[in-house]
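Visitor: Handing you a structure now.
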Amino acid sequence: MNIKDFTYYYFIGIGGIGMSAQARYFNQFGKKVLGYDKTETTLTKKLTEEGINIHYSDDVQFIPKGLTPENTIVIYTPAIPKNHSELNYFKNNNFNILKRSQVLGLLTKATTCLAIAGTHGKTTTSTLLGHLMKSANTPSTAFLGGISENYQSNIILGGEEITVVEADEFDRSFLQLAPNFAAITSMDADHLDIYGNKEELEKSFLEFAGIVKNQVFAKKGLNIPNSLSYGVETEADYHAENIRIEEDYYMFDLITPENQIKDIIIHLPGRHNIENAVAAIAIALEMGVSENDIKTGMESFKGVKRRFTKHICPNGKVIVDDYAHHPTELSAILSATKNFYPNKKILGVFQPHLYSRTKDFGKDFAAELNQLENLILLDIYPAREEPIEGITSEWLANQMDKKPLVCSLENALTEIKKQDFDVLLLMGAGNIDTLYEPLKNWYDEA
């Protein structure tokens, strides 16, 4: 099957971050892209503005009559329930139906594929690598798991010879890819609802590493056979050293197996982002990007939305919005915030994501959140899950040293406005992001 031979591309769950990137990809080739999502969001509105037809009711009457198994490919996300009437209509009428990961796999097979895998860091690293390739004018397209601040999109278009992709371990999706080069940023326990235990998760990453044709770059300490290591202030094949904070950015030197690149600037906070940068630069160098283009691309990189997205209010208060939803990510964001804003009063607002993740990592979440003197804990965001008896935000709060205020998202704005802080840190992967703009507006006008 040639994935580009169809006329119509029908996406079920088109508003997902990975799904919408593919929708944009086919749309730019003049294909007729349309589909369904459960709710209208900022992202689906953008897709509509780009000429993509989207509806929000699961009803076969919205499927145009001209769609046939010969001219249409149907692409869906595993988050869609099995009883979805539109998906079942296409199944019953023998349409070509593929998961999002299968489509991405087909696209990578026809290109030189640069894949970023890991339970943390893959969105920032893949976006940075995509930006470095674009800045160097390579014929590449990057499919991202977040919205790039540089391009205001989750796809960076620039040619079809090279693909940069975020290799997602959820549902073992990354095993569908055909990577030539890959980085593995981390293998911490996550998605235990899928894998059952950490050992199965690690086995999946090793399987992914085994399908990489040319070279794997792995964070120092990960036991990945035949890989080159990378890290920060550690003896690795590629590593950053001489790290210093200059005004509001980091500067570091990169040591490679061949030479060193001095005085690289990165505007993202935190040691973990320097680590991500080292991984991206290692692959970019392997692809022939020059040292000068590396430094220029690094300095111009603005990051990814909801990865330490920052707003400074007229009164000096800082509002930070971040996707952190795993204990390791909380550790990184709290460390980066304290590093950038020493001696400032920090108010954290955290929305746990998934009942299963909250249950599996309750003690770890509590240990990280204990770092905050002031914390508001929102109700758990369920996403695809049904509630688990006894697992609530109150349950999580009771495991902490200092019990935080627990409230709903609906009441969060009111509660936050009562608090005194210098830095407000919004954390979570659910719909906590809906607080960012209203808070910015309120403090800007206050």
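Visitor: When you go through 283, 261 one by one, which is the residue that is open to solvent by less than 10 Å² (accessible area, probe 1.4 Å), at pLDDT 95 or above, more than 24 Å from the chain's Cα centre (by Cα) and not polar (S, T, N, Q)?
Guide: Unique residue meeting the criteria: 261.
Visitor: Next question. Considering each of 277, 240, 236 in turn, give the residue that is of a type outside the set (Asp, Glu), within 26 Å of residue 178 (Cβ to Cβ) and surrounded by 20 or more Cβ atoms within 10 Å (Cβ to Cβ).
Guide: Within the list 277, 240, 236, the selection yields 277.
Visitor: Let me ask something additional. Can you tell me which residues in the stretch 331-366 are of a type outside the set (Gly, Ala, Ser), assigned to a helix (DSSP H, G or I) and open to solvent by 20 Å² or more (accessible area, probe 1.4 Å)?
Guide: 338, 339, 340, 355, 359, 360, 363, 364
Visitor: Here's a follow-up. Consider the stretch 292-318. How many of its residues are closer than 18 Å to residue 240 by Cα and surrounded by fewer than 17 Cβ atoms within 10 Å (Cβ to Cβ)?
Guide: 3
Visitor: Every residue in the stretch 213-233 that is touching a Leu at 6+ places or on another chain (Cβ under 9 Å) and crowded, with 17+ Cβ neighbours inside 10 Å, please.
Guide: Passing the criteria: 216, 217, 218, 224, 229.
Visitor: Additional query: Mind telling me which of the residues 360, 293 ends up being within 22 Å of the chain's Cα centre (by Cα) and of a type in the set (Asp, Glu)?
Guide: 360
Visitor: Also, quick follow-up: Among the residues of the stretch 395-416, count how many are assigned to a helix (DSSP H, G or I) and surrounded by 12 or more Cβ atoms within 10 Å (Cβ to Cβ).
Guide: 9
Visitor: Additional query: Which ones in the stretch 417-437 are surrounded by fewer than 16 Cβ atoms within 10 Å (Cβ to Cβ) and in contact with a strand residue (DSSP E or B) (Cβ under 6 Å, 6 or more places away or on another chain)?
Guide: If the condition is that a residue be surrounded by fewer than 16 Cβ atoms within 10 Å (Cβ to Cβ) and in contact with a strand residue (DSSP E or B) (Cβ under 6 Å, 6 or more places away or on another chain), then 419 is the only one that fits.
Visitor: Of the conditions (1) at pLDDT 95 or above; (2) of a type in the set (A, V, I, L, M, F, W, C); (3) within 19 Å of residue 75 (Cβ to Cβ); (4) open to solvent by 10 Å² or more (accessible area, probe 1.4 Å), residue 136 fails just one. Which one is it?
Guide: Here residue 136 clears every test but (3).
The values are calculated or read from the model by the stated rules, or taken from the named source; none is laboratory data. The model shown is predicted, which means the values in this text are computed figures rather than measured ones. In this analysis, Cβ positions are derived from the backbone assuming ideal geometry, glycine residues included, and neighbour counts consider all displayed protein chains. Surface accessibility is based on the protein's heavy atoms, side chains included, excluding ligands, DNA and RNA. Shrake-Rupley method; radii C 1.70, N 1.55, O 1.52, S 1.80 Å.
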